[in-house]
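First the structure, in the form of C-alpha coordinates, and then the observations on it.
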There are 2 protein chains.
Amino acid sequence: MSVAVENFIKAIYKNGVQDNKDTKPGNIAKKLGISNAAATDMAKKLATRDLLHYKKYQALELTEKGTKLAINLVRKHRLWEALLFKLFDMSLHDIHREAELLEHQTSDFLANKISAYLRNPKFDPHGDPIPSEKGHIIRDNNTFPLSKSKEGKTYIISRLLSDEKEFFDFCALHGLKCGNSITVTNQLQFNKMTQIYINNNTLLLNEDFTNIIFVKEINSDSNSSPEPTQNNYKLF
Amino acid sequence: MSVAVENFIKAIYKNGVQDNKDTKPGNIAKKLGISNAAATDMAKKLATRDLLHYKKYQALELTEKGTKLAINLVRKHRLWEALLFKLFDMSLHDIHREAELLEHQTSDFLANKISAYLRNPKFDPHGDPIPSEKGHIIRDNNTFPLSKSKEGKTYIISRLLSDEKEFFDFCALHGLKCGNSITVTNQLQFNKMTQIYINNNTLLLNEDFTNIIFVKEINSDSNSSPEPTQNNYKLF
DNA sequence: AAATAATTTTAAGTATACTTAAATTTTATT
DNA sequence: AATAAAATTTAAGTATACTTAAAATTATTT
(Lines give C-alpha, C1' and ligand atoms only; values in the text may rest on other atoms or scores of the structure.)
Protein backbone atom coordinates (compact mmCIF):
# COMPACT_ATOMS: atom_id res chain seq x y z
CA MET A 1 0.00 0.00 0.00
CA SER A 2 1.66 3.23 -1.11
CA VAL A 3 1.86 6.36 1.03
CA ALA A 4 -0.33 8.20 -1.50
CA VAL A 5 -3.06 5.59 -1.21
CA GLU A 6 -2.83 5.50 2.58
CA ASN A 7 -3.08 9.28 2.82
CA PHE A 8 -6.03 9.29 0.45
CA ILE A 9 -7.93 6.76 2.50
CA LYS A 10 -7.04 8.53 5.74
CA ALA A 11 -8.23 11.87 4.35
CA ILE A 12 -11.61 10.39 3.49
CA TYR A 13 -11.86 8.84 6.92
CA LYS A 14 -10.94 12.03 8.72
CA ASN A 15 -13.15 14.28 6.63
CA GLY A 16 -16.07 11.95 7.04
CA VAL A 17 -15.76 10.86 10.62
CA GLN A 18 -13.89 13.54 12.43
CA ASP A 19 -14.19 16.85 10.62
CA ASN A 20 -17.71 16.25 9.39
CA LYS A 21 -16.91 17.65 5.97
CA ASP A 22 -18.13 15.93 2.90
CA THR A 23 -15.94 13.43 1.13
CA LYS A 24 -16.38 14.41 -2.50
CA PRO A 25 -13.16 14.17 -4.47
CA GLY A 26 -12.74 17.96 -4.45
CA ASN A 27 -12.61 18.15 -0.68
CA ILE A 28 -10.15 15.30 -0.44
CA ALA A 29 -8.02 16.90 -3.14
CA LYS A 30 -7.92 20.17 -1.22
CA LYS A 31 -6.97 18.39 1.98
CA LEU A 32 -4.12 16.55 0.28
CA GLY A 33 -2.96 19.42 -1.91
CA ILE A 34 -3.54 17.56 -5.18
CA SER A 35 -5.73 18.37 -8.18
CA ASN A 36 -9.38 17.38 -8.39
CA ALA A 37 -8.57 15.26 -11.40
CA ALA A 38 -5.97 13.32 -9.44
CA ALA A 39 -8.48 12.69 -6.68
CA THR A 40 -11.06 11.38 -9.13
CA ASP A 41 -8.49 9.10 -10.76
CA MET A 42 -7.41 7.77 -7.40
CA ALA A 43 -10.99 7.23 -6.27
CA LYS A 44 -11.75 5.13 -9.35
CA LYS A 45 -8.65 3.07 -8.87
CA LEU A 46 -9.24 2.44 -5.17
CA ALA A 47 -12.83 1.42 -5.87
CA THR A 48 -11.49 -1.48 -7.94
CA ARG A 49 -9.38 -2.47 -4.92
CA ASP A 50 -12.44 -2.56 -2.70
CA LEU A 51 -11.20 0.27 -0.48
CA LEU A 52 -14.07 2.64 -1.23
CA HIS A 53 -17.35 3.02 -3.09
CA TYR A 54 -17.28 5.39 -6.02
CA LYS A 55 -20.27 6.79 -7.86
CA LYS A 56 -19.87 9.65 -10.28
CA TYR A 57 -20.42 13.09 -8.76
CA GLN A 58 -21.05 11.66 -5.33
CA ALA A 59 -19.22 11.64 -2.04
CA LEU A 60 -16.66 8.88 -1.53
CA GLU A 61 -17.46 6.22 1.03
CA LEU A 62 -14.94 3.86 2.55
CA THR A 63 -15.66 0.16 2.49
CA GLU A 64 -15.08 -1.88 5.61
CA LYS A 65 -11.64 -2.71 4.27
CA GLY A 66 -10.90 0.97 3.66
CA THR A 67 -12.14 1.94 7.12
CA LYS A 68 -9.96 -0.68 8.74
CA LEU A 69 -6.94 0.62 6.89
CA ALA A 70 -7.69 4.19 7.97
CA ILE A 71 -8.16 3.26 11.62
CA ASN A 72 -4.97 1.23 11.57
CA LEU A 73 -3.12 4.30 10.32
CA VAL A 74 -4.72 6.51 12.94
CA ARG A 75 -3.65 3.99 15.57
CA LYS A 76 -0.05 4.08 14.41
CA HIS A 77 -0.06 7.85 14.16
CA ARG A 78 -1.31 8.32 17.70
CA LEU A 79 0.97 5.66 19.15
CA TRP A 80 3.94 7.44 17.63
CA GLU A 81 2.73 10.73 19.04
CA ALA A 82 2.41 9.20 22.48
CA LEU A 83 5.88 7.65 22.29
CA LEU A 84 7.69 10.71 20.93
CA PHE A 85 5.95 12.94 23.45
CA LYS A 86 6.94 10.72 26.32
CA LEU A 87 10.54 10.12 25.32
CA PHE A 88 11.65 13.33 23.71
CA ASP A 89 9.73 16.24 25.17
CA MET A 90 8.68 17.48 21.74
CA SER A 91 5.87 19.97 21.06
CA LEU A 92 2.44 18.78 20.01
CA HIS A 93 3.03 20.12 16.56
CA ASP A 94 6.43 18.44 16.21
CA ILE A 95 5.17 15.03 17.28
CA HIS A 96 2.31 15.36 14.79
CA ARG A 97 4.64 16.21 11.93
CA GLU A 98 6.98 13.28 12.64
CA ALA A 99 4.14 10.81 13.24
CA GLU A 100 2.61 11.81 9.91
CA LEU A 101 5.67 10.27 8.22
CA LEU A 102 6.42 7.38 10.56
CA GLU A 103 2.87 5.99 10.55
CA HIS A 104 3.31 4.74 6.98
CA GLN A 105 6.43 2.73 7.75
CA THR A 106 5.24 1.00 10.88
CA SER A 107 4.45 -2.69 10.95
CA ASP A 108 1.60 -3.96 13.11
CA PHE A 109 4.30 -5.79 15.05
CA LEU A 110 6.09 -2.55 15.89
CA ALA A 111 2.84 -0.72 16.65
CA ASN A 112 2.01 -3.39 19.22
CA LYS A 113 5.48 -3.08 20.74
CA ILE A 114 5.01 0.68 21.12
CA SER A 115 1.57 0.20 22.59
CA ALA A 116 2.77 -2.37 25.11
CA TYR A 117 5.74 -0.22 26.10
CA LEU A 118 3.35 2.65 26.85
CA ARG A 119 1.01 0.26 28.69
CA ASN A 120 -1.65 0.39 26.01
CA PRO A 121 -2.59 4.05 26.36
CA LYS A 122 -6.15 5.01 25.47
CA PHE A 123 -5.35 8.60 24.48
CA ASP A 124 -2.50 10.40 22.76
CA PRO A 125 -1.01 13.73 23.94
CA HIS A 126 -3.68 15.67 22.02
CA GLY A 127 -6.37 13.82 23.92
CA ASP A 128 -7.30 11.87 20.79
CA PRO A 129 -8.32 8.27 21.39
CA ILE A 130 -5.90 5.59 20.23
CA PRO A 131 -7.72 2.79 18.38
CA SER A 132 -7.07 -0.68 19.74
CA GLU A 133 -5.30 -3.32 17.68
CA LYS A 134 -8.70 -4.57 16.59
CA GLY A 135 -9.86 -1.08 15.60
CA HIS A 136 -12.02 -0.21 18.57
CA ILE A 137 -12.13 3.48 19.43
CA ILE A 138 -13.13 4.73 22.86
CA ARG A 139 -15.93 7.25 22.85
CA ASP A 140 -16.34 9.43 25.88
CA ASN A 141 -19.50 11.46 26.29
CA ASN A 142 -18.18 13.44 29.24
CA THR A 143 -16.10 15.77 27.16
CA PHE A 144 -17.31 18.73 25.06
CA PRO A 145 -15.97 21.85 23.36
CA LEU A 146 -15.07 24.84 25.52
CA SER A 147 -17.65 26.86 23.58
CA LYS A 148 -20.33 24.82 25.38
CA SER A 149 -18.88 25.37 28.84
CA LYS A 150 -20.59 27.34 31.62
CA GLU A 151 -19.53 30.60 33.18
CA GLY A 152 -17.93 30.27 36.59
CA LYS A 153 -17.11 26.61 36.33
CA THR A 154 -13.69 24.97 36.36
CA TYR A 155 -12.79 22.21 33.88
CA ILE A 156 -9.98 19.91 32.87
CA ILE A 157 -8.67 20.27 29.33
CA SER A 158 -9.25 16.93 27.62
CA ARG A 159 -8.48 17.39 23.96
CA LEU A 160 -6.83 19.79 21.53
CA LEU A 161 -8.31 19.03 18.11
CA SER A 162 -6.08 20.54 15.46
CA ASP A 163 -2.96 19.97 13.50
CA GLU A 164 -1.92 23.57 13.02
CA LYS A 165 1.37 24.80 14.40
CA GLU A 166 0.02 28.26 15.29
CA PHE A 167 -2.67 26.75 17.48
CA PHE A 168 -0.25 24.49 19.32
CA ASP A 169 2.25 27.29 19.76
CA PHE A 170 -0.50 29.36 21.33
CA CYS A 171 -1.52 26.48 23.60
CA ALA A 172 2.04 25.81 24.68
CA LEU A 173 2.60 29.50 25.40
CA HIS A 174 -0.44 29.74 27.68
CA GLY A 175 -0.35 26.37 29.38
CA LEU A 176 -3.31 24.96 27.48
CA LYS A 177 -2.45 21.29 27.79
CA CYS A 178 -4.43 18.09 28.34
CA GLY A 179 -4.86 17.51 32.06
CA ASN A 180 -4.52 21.16 33.05
CA SER A 181 -7.49 22.91 34.64
CA ILE A 182 -9.12 26.13 33.45
CA THR A 183 -11.88 28.30 34.88
CA VAL A 184 -14.42 29.92 32.58
CA THR A 185 -14.78 33.48 33.85
CA ASN A 186 -17.03 34.81 31.09
CA GLN A 187 -19.12 33.46 28.22
CA LEU A 188 -19.73 36.47 25.97
CA GLN A 189 -22.92 35.89 24.01
CA PHE A 190 -22.75 38.81 21.59
CA ASN A 191 -19.40 37.94 20.00
CA LYS A 192 -19.19 34.26 20.98
CA MET A 193 -15.96 34.67 22.86
CA THR A 194 -14.94 32.89 26.03
CA GLN A 195 -12.85 34.34 28.80
CA ILE A 196 -10.84 31.82 30.79
CA TYR A 197 -8.46 31.84 33.69
CA ILE A 198 -5.43 29.59 33.49
CA ASN A 199 -1.99 29.62 35.12
CA ASN A 200 -2.73 32.95 36.85
CA ASN A 201 -3.60 34.51 33.51
CA THR A 202 -6.78 35.61 31.82
CA LEU A 203 -7.31 34.72 28.16
CA LEU A 204 -10.03 35.70 25.73
CA LEU A 205 -10.65 33.01 23.13
CA ASN A 206 -12.78 33.23 20.00
CA GLU A 207 -14.96 30.50 18.54
CA ASP A 208 -12.22 29.13 16.29
CA PHE A 209 -10.39 28.13 19.43
CA THR A 210 -13.24 27.23 21.80
CA ASN A 211 -14.58 24.76 19.25
CA ILE A 212 -11.36 22.75 19.13
CA ILE A 213 -10.40 22.95 22.80
CA PHE A 214 -12.31 20.21 24.61
CA VAL A 215 -12.89 20.04 28.34
CA LYS A 216 -14.56 17.79 30.88
CA GLU A 217 -16.06 18.27 34.32
CA ILE A 218 -13.51 17.84 37.06
CA ASN A 219 -15.14 14.76 38.60
CA SER A 220 -16.10 12.91 35.43
CA ASP A 221 -13.43 10.25 35.57
CA SER A 222 -15.82 7.69 34.19
CA ASN A 223 -13.21 5.80 32.25
CA SER A 224 -10.27 6.08 34.59
CA SER A 225 -8.20 7.45 31.75
CA PRO A 226 -4.67 8.78 32.21
CA GLU A 227 -3.53 12.39 31.93
CA PRO A 228 -4.23 13.24 28.33
CA THR A 229 -7.85 12.41 28.68
CA GLN A 230 -11.35 11.79 27.48
CA ASN A 231 -13.17 12.87 24.39
CA ASN A 232 -16.48 12.52 22.69
CA TYR A 233 -15.86 13.88 19.26
CA LYS A 234 -17.36 11.83 16.50
CA LEU A 235 -15.15 8.84 15.93
CA PHE A 236 -17.79 6.24 15.15
CA MET B 1 14.71 12.53 -1.90
CA SER B 2 12.73 9.38 -2.69
CA VAL B 3 13.18 6.07 -0.90
CA ALA B 4 14.41 4.48 -4.14
CA VAL B 5 17.13 7.10 -4.53
CA GLU B 6 18.14 6.85 -0.89
CA ASN B 7 18.40 3.08 -1.06
CA PHE B 8 20.40 3.32 -4.27
CA ILE B 9 22.92 5.70 -2.72
CA LYS B 10 23.11 3.63 0.45
CA ALA B 11 23.72 0.44 -1.54
CA ILE B 12 26.68 2.05 -3.34
CA TYR B 13 28.04 3.28 -0.05
CA LYS B 14 27.73 -0.07 1.68
CA ASN B 15 29.10 -2.11 -1.22
CA GLY B 16 32.04 0.24 -1.56
CA VAL B 17 32.92 1.00 1.99
CA GLN B 18 31.69 -1.89 4.06
CA ASP B 19 31.34 -5.01 1.97
CA ASN B 20 34.28 -4.25 -0.29
CA LYS B 21 32.38 -5.36 -3.37
CA ASP B 22 32.56 -3.33 -6.49
CA THR B 23 29.94 -0.73 -7.23
CA LYS B 24 29.18 -1.37 -10.88
CA PRO B 25 25.48 -1.02 -11.67
CA GLY B 26 25.03 -4.79 -11.83
CA ASN B 27 26.15 -5.32 -8.25
CA ILE B 28 23.94 -2.53 -6.98
CA ALA B 29 21.03 -3.92 -8.97
CA LYS B 30 21.53 -7.35 -7.41
CA LYS B 31 21.68 -5.88 -3.92
CA LEU B 32 18.46 -3.93 -4.44
CA GLY B 33 16.60 -6.61 -6.38
CA ILE B 34 16.11 -4.47 -9.48
CA SER B 35 17.18 -5.00 -13.08
CA ASN B 36 20.58 -3.93 -14.38
CA ALA B 37 18.84 -1.57 -16.76
CA ALA B 38 17.07 0.16 -13.89
CA ALA B 39 20.36 0.59 -12.07
CA THR B 40 22.03 2.14 -15.10
CA ASP B 41 19.08 4.51 -15.59
CA MET B 42 19.17 5.53 -11.96
CA ALA B 43 22.93 6.03 -12.02
CA LYS B 44 22.68 8.40 -14.98
CA LYS B 45 19.93 10.37 -13.34
CA LEU B 46 21.70 10.69 -10.00
CA ALA B 47 24.89 11.80 -11.76
CA THR B 48 22.98 14.86 -12.99
CA ARG B 49 21.99 15.55 -9.38
CA ASP B 50 25.63 15.48 -8.29
CA LEU B 51 25.13 12.45 -6.04
CA LEU B 52 27.55 10.21 -7.90
CA HIS B 53 30.05 10.04 -10.75
CA TYR B 54 29.00 7.94 -13.70
CA LYS B 55 31.21 6.72 -16.54
CA LYS B 56 30.00 4.05 -18.93
CA TYR B 57 30.97 0.51 -17.95
CA GLN B 58 32.71 1.66 -14.81
CA ALA B 59 32.04 1.38 -11.11
CA LEU B 60 29.83 4.06 -9.57
CA GLU B 61 31.45 6.50 -7.18
CA LEU B 62 29.59 8.66 -4.73
CA THR B 63 30.30 12.37 -4.70
CA GLU B 64 30.82 14.14 -1.39
CA LYS B 65 27.13 15.02 -1.46
CA GLY B 66 26.18 11.38 -2.10
CA THR B 67 28.48 10.15 0.64
CA LYS B 68 26.99 12.59 3.13
CA LEU B 69 23.50 11.40 2.25
CA ALA B 70 24.53 7.77 2.71
CA ILE B 71 26.17 8.38 6.07
CA ASN B 72 23.16 10.36 7.24
CA LEU B 73 20.96 7.38 6.40
CA VAL B 74 23.31 4.97 8.14
CA ARG B 75 23.20 7.24 11.19
CA LYS B 76 19.41 7.19 11.27
CA HIS B 77 19.29 3.46 10.69
CA ARG B 78 21.63 2.71 13.59
CA LEU B 79 19.99 5.18 15.92
CA TRP B 80 16.65 3.51 15.30
CA GLU B 81 18.20 0.11 15.95
CA ALA B 82 19.66 1.34 19.20
CA LEU B 83 16.35 2.85 20.30
CA LEU B 84 14.16 -0.10 19.34
CA PHE B 85 16.58 -2.53 20.95
CA LYS B 86 16.62 -0.57 24.18
CA LEU B 87 12.89 0.04 24.45
CA PHE B 88 11.27 -3.02 23.03
CA ASP B 89 13.51 -6.01 23.50
CA MET B 90 13.38 -6.94 19.84
CA SER B 91 15.77 -9.32 18.05
CA LEU B 92 18.70 -7.97 16.04
CA HIS B 93 16.97 -9.00 12.86
CA ASP B 94 13.68 -7.38 13.80
CA ILE B 95 15.26 -4.05 14.69
CA HIS B 96 17.14 -4.10 11.39
CA ARG B 97 14.00 -4.73 9.40
CA GLU B 98 12.05 -1.91 11.08
CA ALA B 99 14.98 0.54 10.94
CA GLU B 100 15.30 -0.14 7.23
CA LEU B 101 11.88 1.50 6.77
CA LEU B 102 11.98 4.16 9.47
CA GLU B 103 15.36 5.59 8.43
CA HIS B 104 13.80 7.13 5.31
CA GLN B 105 11.13 9.02 7.24
CA THR B 106 13.29 10.48 9.95
CA SER B 107 14.12 14.17 10.09
CA ASP B 108 17.54 15.30 11.30
CA PHE B 109 15.66 16.90 14.16
CA LEU B 110 14.20 13.57 15.25
CA ALA B 111 17.49 11.73 14.74
CA ASN B 112 19.15 14.17 17.12
CA LYS B 113 16.37 13.66 19.66
CA ILE B 114 16.87 9.90 19.53
CA SER B 115 20.63 10.30 19.84
CA ALA B 116 20.35 12.64 22.83
CA TYR B 117 17.84 10.34 24.54
CA LEU B 118 20.31 7.45 24.21
CA ARG B 119 23.16 9.72 25.39
CA ASN B 120 24.78 9.87 21.96
CA PRO B 121 25.73 6.21 21.68
CA LYS B 122 28.79 5.39 19.59
CA PHE B 123 27.65 1.89 18.60
CA ASP B 124 24.38 0.19 17.76
CA PRO B 125 23.31 -3.24 19.05
CA HIS B 126 25.17 -4.98 16.20
CA GLY B 127 28.35 -3.23 17.28
CA ASP B 128 28.24 -1.01 14.20
CA PRO B 129 29.47 2.54 14.76
CA ILE B 130 26.83 5.27 14.70
CA PRO B 131 27.98 8.24 12.61
CA SER B 132 27.87 11.58 14.41
CA GLU B 133 25.55 14.37 13.29
CA LYS B 134 28.43 15.76 11.25
CA GLY B 135 29.15 12.38 9.63
CA HIS B 136 32.15 11.29 11.64
CA ILE B 137 32.49 7.54 12.09
CA ILE B 138 34.54 6.00 14.87
CA ARG B 139 37.14 3.56 13.72
CA ASP B 140 38.50 1.11 16.22
CA ASN B 141 41.60 -0.90 15.38
CA ASN B 142 41.27 -3.15 18.41
CA THR B 143 38.58 -5.30 16.93
CA PHE B 144 38.99 -8.05 14.31
CA PRO B 145 37.12 -11.04 12.88
CA LEU B 146 36.96 -14.21 14.94
CA SER B 147 38.72 -16.01 12.09
CA LYS B 148 41.87 -14.09 13.07
CA SER B 149 41.63 -14.96 16.76
CA LYS B 150 44.14 -17.13 18.63
CA GLU B 151 43.60 -20.56 20.15
CA GLY B 152 43.21 -20.57 23.91
CA LYS B 153 42.41 -16.88 24.28
CA THR B 154 39.22 -15.32 25.57
CA TYR B 155 37.61 -12.37 23.76
CA ILE B 156 34.64 -10.02 23.96
CA ILE B 157 32.22 -10.09 21.04
CA SER B 158 32.27 -6.60 19.54
CA ARG B 159 30.31 -6.75 16.29
CA LEU B 160 27.93 -8.96 14.33
CA LEU B 161 28.20 -7.86 10.71
CA SER B 162 25.21 -9.17 8.82
CA ASP B 163 21.62 -8.51 8.05
CA GLU B 164 20.45 -12.07 7.64
CA LYS B 165 17.78 -13.48 9.88
CA GLU B 166 19.30 -16.96 9.96
CA PHE B 167 22.59 -15.61 11.28
CA PHE B 168 20.93 -13.57 14.00
CA ASP B 169 18.67 -16.43 14.99
CA PHE B 170 21.76 -18.59 15.37
CA CYS B 171 23.51 -15.89 17.43
CA ALA B 172 20.51 -15.39 19.69
CA LEU B 173 20.18 -19.13 20.22
CA HIS B 174 23.78 -19.52 21.34
CA GLY B 175 24.31 -16.31 23.28
CA LEU B 176 26.49 -14.68 20.62
CA LYS B 177 25.83 -11.07 21.53
CA CYS B 178 27.94 -7.92 21.67
CA GLY B 179 29.57 -7.65 25.08
CA ASN B 180 29.53 -11.38 25.82
CA SER B 181 32.81 -13.22 26.17
CA ILE B 182 33.94 -16.29 24.24
CA THR B 183 36.96 -18.52 24.47
CA VAL B 184 38.59 -19.89 21.32
CA THR B 185 39.28 -23.53 22.08
CA ASN B 186 40.50 -24.59 18.64
CA GLN B 187 41.56 -22.95 15.35
CA LEU B 188 41.36 -25.75 12.79
CA GLN B 189 43.73 -24.94 9.91
CA PHE B 190 42.72 -27.66 7.47
CA ASN B 191 39.05 -26.66 7.15
CA LYS B 192 39.23 -23.11 8.45
CA MET B 193 36.78 -23.74 11.26
CA THR B 194 36.89 -22.27 14.73
CA GLN B 195 35.79 -23.98 17.90
CA ILE B 196 34.59 -21.68 20.65
CA TYR B 197 33.32 -22.00 24.17
CA ILE B 198 30.43 -19.78 25.18
CA ASN B 199 27.71 -20.02 27.82
CA ASN B 200 28.91 -23.47 28.92
CA ASN B 201 28.63 -24.74 25.38
CA THR B 202 31.06 -25.63 22.62
CA LEU B 203 30.36 -24.40 19.10
CA LEU B 204 32.10 -25.12 15.82
CA LEU B 205 31.88 -22.19 13.41
CA ASN B 206 32.86 -22.11 9.75
CA GLU B 207 34.47 -19.22 7.91
CA ASP B 208 31.17 -17.70 6.81
CA PHE B 209 30.49 -17.02 10.46
CA THR B 210 33.96 -16.29 11.83
CA ASN B 211 34.43 -13.57 9.21
CA ILE B 212 31.37 -11.61 10.34
CA ILE B 213 31.67 -12.16 14.08
CA PHE B 214 34.11 -9.55 15.40
CA VAL B 215 35.89 -9.71 18.73
CA LYS B 216 38.33 -7.68 20.75
CA GLU B 217 40.88 -8.44 23.47
CA ILE B 218 39.39 -8.29 26.92
CA ASN B 219 41.46 -5.33 28.10
CA SER B 220 41.35 -3.22 24.95
CA ASP B 221 38.90 -0.58 26.18
CA SER B 222 40.76 2.11 24.29
CA ASN B 223 37.71 4.17 23.52
CA SER B 224 35.72 3.67 26.69
CA SER B 225 32.80 2.49 24.61
CA PRO B 226 29.62 1.02 26.08
CA GLU B 227 28.41 -2.55 25.85
CA PRO B 228 27.85 -3.04 22.14
CA THR B 229 31.41 -2.15 21.34
CA GLN B 230 34.31 -1.33 19.11
CA ASN B 231 35.01 -2.11 15.50
CA ASN B 232 37.59 -1.51 12.87
CA TYR B 233 35.87 -2.62 9.73
CA LYS B 234 36.38 -0.33 6.81
CA LEU B 235 34.10 2.65 7.28
CA PHE B 236 36.32 5.34 5.86
C1' DA C 1 44.40 -13.32 -30.75
C1' DA C 2 39.96 -15.06 -31.52
C1' DA C 3 35.95 -16.88 -29.59
C1' DT C 4 32.92 -17.16 -25.88
C1' DA C 5 30.87 -15.54 -21.76
C1' DA C 6 29.39 -12.05 -18.83
C1' DT C 7 28.11 -7.51 -18.03
C1' DT C 8 26.44 -3.02 -19.24
C1' DT C 9 23.80 -0.07 -21.99
C1' DT C 10 20.13 1.26 -25.06
C1' DA C 11 15.50 1.01 -26.56
C1' DA C 12 10.83 0.36 -25.96
C1' DG C 13 7.21 -0.23 -22.86
C1' DT C 14 4.46 -0.36 -18.16
C1' DA C 15 2.26 1.30 -13.64
C1' DT C 16 1.75 4.90 -10.39
C1' DA C 17 0.65 9.33 -9.20
C1' DC C 18 0.37 13.24 -10.49
C1' DT C 19 -0.49 17.80 -13.91
C1' DT C 20 -3.43 21.26 -16.93
C1' DA C 21 -7.25 22.20 -19.86
C1' DA C 22 -11.60 21.23 -21.75
C1' DA C 23 -16.08 18.98 -21.35
C1' DT C 24 -19.69 17.50 -18.48
C1' DT C 25 -22.71 17.47 -14.63
C1' DT C 26 -24.46 19.33 -10.48
C1' DT C 27 -25.69 23.14 -7.53
C1' DA C 28 -27.02 27.77 -6.70
C1' DT C 29 -29.04 32.11 -8.24
C1' DT C 30 -32.20 35.01 -10.21
C1' DA D 1 -37.23 27.17 -15.17
C1' DA D 2 -33.37 29.19 -17.32
C1' DT D 3 -28.91 30.73 -16.46
C1' DA D 4 -24.66 31.29 -14.09
C1' DA D 5 -21.36 29.41 -10.97
C1' DA D 6 -19.05 25.66 -8.98
C1' DA D 7 -17.56 21.15 -8.90
C1' DT D 8 -16.48 16.84 -11.17
C1' DT D 9 -14.93 14.14 -14.85
C1' DT D 10 -12.50 13.14 -19.06
C1' DA D 11 -8.60 13.60 -21.96
C1' DA D 12 -3.98 14.25 -22.86
C1' DG D 13 0.45 14.60 -21.06
C1' DT D 14 4.56 14.37 -17.50
C1' DA D 15 8.10 12.34 -14.13
C1' DT D 16 9.57 8.48 -11.53
C1' DA D 17 10.91 3.98 -11.15
C1' DC D 18 10.71 0.19 -12.80
C1' DT D 19 10.35 -4.01 -16.70
C1' DT D 20 12.11 -7.15 -20.82
C1' DA D 21 14.76 -7.78 -24.90
C1' DA D 22 18.30 -6.61 -27.99
C1' DA D 23 22.72 -4.29 -28.89
C1' DA D 24 27.18 -2.90 -27.40
C1' DT D 25 31.14 -3.38 -24.62
C1' DT D 26 34.23 -5.60 -21.50
C1' DA D 27 36.23 -9.69 -19.42
C1' DT D 28 37.53 -14.53 -19.68
C1' DT D 29 38.88 -18.66 -21.75
C1' DT D 30 41.10 -21.43 -24.94
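Accessible area of A:ILE138 (1.4 Å probe, protein heavy atoms only, ligands and nucleic acids ignored): about 40 Å².
Please average, across the residues of A:75-87, the number of beta carbons from any other chain that are within 10 Å of each residue's own beta carbon, and give a whole number. Numbers along the way, then the final one.
Values: counts 0, 0, 0, 0, 0, 0, 0, 0, 2, 3, 0, 0, 6.
What the average comes to for A:75-87 is 1.
Shape annotation for region B:38-144: C-alpha extents along the principal axes are 46, 32, 26 Å, from largest to smallest.
Could you work out the local net charge near B:GLN195, counting Lys and Arg as +1, Asp and Glu as -1, over the other residues with Cβ closer than 14 Å to its Cβ?
Values: positive: B:LYS150, B:LYS153, B:LYS192; negative: B:GLU151, B:GLU207.
Cβ neighbours under 14 Å give a net charge of +1.
Placing a label point 7 Å from the Cα of A:ASP208 along the Cα-to-Cβ direction, the distances to the matching points in the other copies come to 6.4 nm, shortest first. On a per residue basis, chain B carries 50 Å² of accessible surface, using protein heavy atoms and a 1.4 Å probe.
Considering only DSSP beta bridges whose two residues both sit in region B:86-217, what percent are antiparallel, to the nearest 5?
On the way: 22 of 22 bridges.
Around 100 percent of the beta bridges assigned by DSSP in region B:86-217 are antiparallel ones.
The candidates B:MET42, A:MET90, arranged from most to least accessible area with a 1.4 Å probe in the full protein assembly, appear as B:MET42, A:MET90. Between region B:1-58 and region A:139-217, what is the separation of their alpha carbon centroids in Å? Between the Cα centre of region B:1-58 and that of region A:139-217, the gap is 54 Å. Within the accessible area of the protein assembly as shown, the carbon and sulfur atoms contribute 49%, probe 1.4 Å, all protein chains present.
Evaluated at q = 0.18 Å⁻¹, a Debye calculation over the C-alpha positions of region A:143-217 (equal weights, vacuum) places log10 I(q)/I(0) at -0.61.
Helix A:92-102 and the longest principal axis of the C-alpha atoms of chain A enclose an angle of approximately 20°. Helix B:64-88 and the longest principal axis of the Cα set of chain B meet at an angle near 50°.
Remark: chain A is approximated by an ellipsoid whose semi-axes, taken from the C-alpha gyration tensor as √(5λ), come to 32, 21, 15 Å, largest first. Against the criterion of solvent-accessible heavy-atom surface with a 1.4 angstrom probe, A:PHE168, A:PHE190 sort, most first, into A:PHE190, A:PHE168. Here the relative contact order of chain A, from alpha carbon pairs under 8 Å that lie six or more residues apart, stands at 19 percent.
What does the charge add up to near A:TYR54, with Lys and Arg as +1, Asp and Glu as -1, over the other residues with Cβ less than 15 Å from its Cβ? With Lys, Arg at +1 and Asp, Glu at -1, the neighbours total +3. Using a Gaussian network model of chain B in which every pair of alpha carbons under 10 angstrom is joined by a spring, one finds that among B:ASP19, B:ASP128, B:ASP208 the greatest mean-square fluctuation is at B:ASP208. Sorted from shortest to longest, the distances between the B:PHE170 label points of this copy and the other copies are 6.1 nm, with each point 7 Å from Cα along the line through the beta carbon. Could you compute the net charge surrounding B:PRO25? Neighbours are other residues with a C-beta less than 11 Å from the C-beta of B:PRO25; K and R count +1, D and E count -1. Local net charge: +3. Rounded to the nearest 10 degrees, the angle from helix B:3-13 to the longest Cα principal axis of chain B is 60 degrees.
Let me spell out the model: positive unit charges on the Cβ of Lys and Arg, negative unit charges on the Cβ of Asp and Glu, origin at the Cα centre of chain A. What dipole size does that give, in debye rounded to 20? Working shown, then result.
Numbers: 32 positive and 28 negative charges, 152 e Å.
Here chain A has a charge dipole of around 740 debye.
How fast does the protein assembly as shown diffuse by Stokes-Einstein, in µm²/s, taking the Kirkwood radius from C-alpha pairs at 25 °C and 0.890 mPa s? Translational D for this selection: 96 µm²/s.
The values are calculated or read from the model by the stated rules, or taken from the named source; none is laboratory data. Since the model is a prediction, treat every value here as computed from it, not as a measurement. No Cβ is skipped: glycine too gets one built from the backbone with ideal geometry, and neighbour counts run over all protein chains shown. The accessibility values were calculated without ligands, DNA or RNA, using every heavy atom of the protein model including side chains. Shrake-Rupley method; radii C 1.70, N 1.55, O 1.52, S 1.80 Å.
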